[in-house]
Amino acid sequence: MKYEIITLFPDYFRRSLRQSLLGKALDKGLFEIEMVNLRDFATDKHRAVDDTPYGGGGGMVMMIEPLDRCLRSLGWKPRTESGAARVDSVLIVTSAAGKRFDQETAVRYSLCRNVTIVCGHYLGIDERLGELYDVEEVSIGDYVLTGGEPAAAVIVDATARLIPKVVGNFESALGDSYMNQMLGSPSFTRPPEYAGLKVPEVLQSGNHAEIRSYRRREAIVRCYANRPDLLEKADLSQEETELLETLRKSK
Ligand code: ADE
């Protein structure tokens with residue numbers, strides 16, 4: 001799997017991607033990341049990559065020419081051109097106006113051979129990019145960032161950890177919050193008691209069936225408190241549906 005991040009600020013990523021589990025996975029060659037500086041594809045002496053919007057209104061728009069040149073250099077082909085297209089690849093543009101990024105999307109991207117992310121800036125990108133190429137416009141949440149770099153970092157993190165062997169315990173990645181349309185259960189570690197607060201007995205019991213059922217129950221309680229919308233789609237047993245009813249009544 002290879003990520004290509006097209007950005008005006010390649011330095012943004014240099015340190016952050018070298019840290020922690022992702023840094024180790026990069027060292028082991030479990031995936032690759034190439035930073036591509038969009039300014040290298042500008043042709044004027046100022047290396048301009050943006051211009052004022054047609055129709056006025058202030059702000060700047062990312063120009064299509066440097067982006068098109070950049071994408072071609074990476075092996076992307078406009079949809080109208082013949083020849084071998086990139087297979088098992090996705091071209092993403094980060095934008096507050098995009099479709100919401102979620103775990104299901106992260107799983108889909110993690111199965112790709114190439115993930116190219118264009119970090120959007122200013123007012124956005126000339127709309128014709130989406131006509132030339134098959135582009136997925138992605139937003140990481142309902143708020144506006146100053147640029148697409150933090151969004152690209154989020155997408156890389158959430159997808160790379162789903163690549164086999166990147167996270168030591170793959171089972172733990174599968175049990176993640178959202179992986180099964182449900183939030184994760186609360187976690188505890190030593191000491192068994194702190195400031196009078198005890199770790200639930202069941203987690204220390206060694207009884208795995210009881211621990212599983214405790215965790216599932218707590219996940220439902222947490223989900224109800226924080227993200228009740230997720231429970232609408234969750235596959236609940238009879239007992240769990242009753243628990244949900246009790247939670248609703250006790251409100
Ligand atoms: N650029 C600005 N805001 C953004 C967001 N919420 N998600 C992705 N890219 C963005």
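Nearest 20 debye, what's the magnitude of the dipole of segment 180-249 about its Cα centre given +1 on Lys and Arg Cβ and -1 on Asp and Glu Cβ?
On the way: 11 positive and 11 negative charges, 49 e Å.
That gives a dipole near 240 debye.
For the peptides 112-124, 93-105, what is the packing order when you average, over each peptide's residues, the other Cβ atoms within 10 Å and list the highest mean first?
The peptides rank, most packed first, as 112-124, 93-105.
Please compare each pair in Lys2/Lys77; Lys99/Lys251; Lys24/Lys233; Lys165/Lys198 to a cut-off of 27 Å on the Cα-Cα distance and tell me which ones are over it.
Lys99/Lys251; Lys24/Lys233; Lys165/Lys198
Quickly work out the Ala48-to-Gln181 label distance, labels modelled 7 Å from Cα along the C-beta direction, and quote it in nm with one decimal.
About 5.0 nm separates the two model spin labels.
Give me the net charge for the shell around Met35: Cβ to Cβ below 13 angstrom, other residues only, Lys and Arg +1, Asp and Glu -1.
So the environment of Met35 carries a net charge of -1.
Using alpha carbons only, how many angstrom separate the centre of segment 143-157 from the centre of segment 69-110?
16
Given charges of +1 on the Cβ of Lys and Arg and -1 on the Cβ of Asp and Glu, with all other atoms neutral, how large is the dipole of the chain about its Cα centre, in debye to the nearest 20?
Working: 33 positive and 37 negative charges, 141 e Å.
Value, rounded to 20: 680 debye.
Projected onto the charge dipole of the chain (+1 at Lys/Arg Cβ, -1 at Asp/Glu Cβ, origin at the Cα centre), which of Ala85, His121, Leu243 gives the Cα projection farthest towards the positive end?
The Cα lying farthest towards the positive end belongs to Leu243.
Could you please put Phe188, Phe41, Phe31 in sequence from largest to smallest accessible area, using a 1.4 Å probe?
These residues rank, largest area first, as Phe188, Phe41, Phe31.
Calculate, axis by axis, the spread of Cα positions in the chain along the three principal axes, and write the results as whole Å, longest axis first.
Principal axes ranked by extent give 68, 43, 41 Å for the Cα atoms.
Determine, from the Cβ-Cβ distance of Ala84 and Lys165 and an R0 of 30 Å, the FRET efficiency 1/(1 + (r/R0)^6), rounded to the nearest 0.05.
0.50
When you count, for each residue, the other Cβ atoms within 10 Å and take the mean per peptide, how do 214-220, 242-248 rank with the highest first?
214-220, 242-248
Accessible area, 1.4 Å probe, largest first: how do Val167, Val87, Val144 sort?
The residues order as Val144, Val87, Val167, largest area first.
The values are calculated or read from the model by the stated rules, or taken from the named source; none is laboratory data. None of these values were measured; they are calculated from a predicted model. Neighbour counts run over all protein chains shown; Cβ positions are idealised from the backbone, glycine included. These area figures cover heavy atoms from the full protein model, side chains too; ligands, DNA and RNA do not enter into them. Shrake-Rupley method; radii C 1.70, N 1.55, O 1.52, S 1.80 Å.
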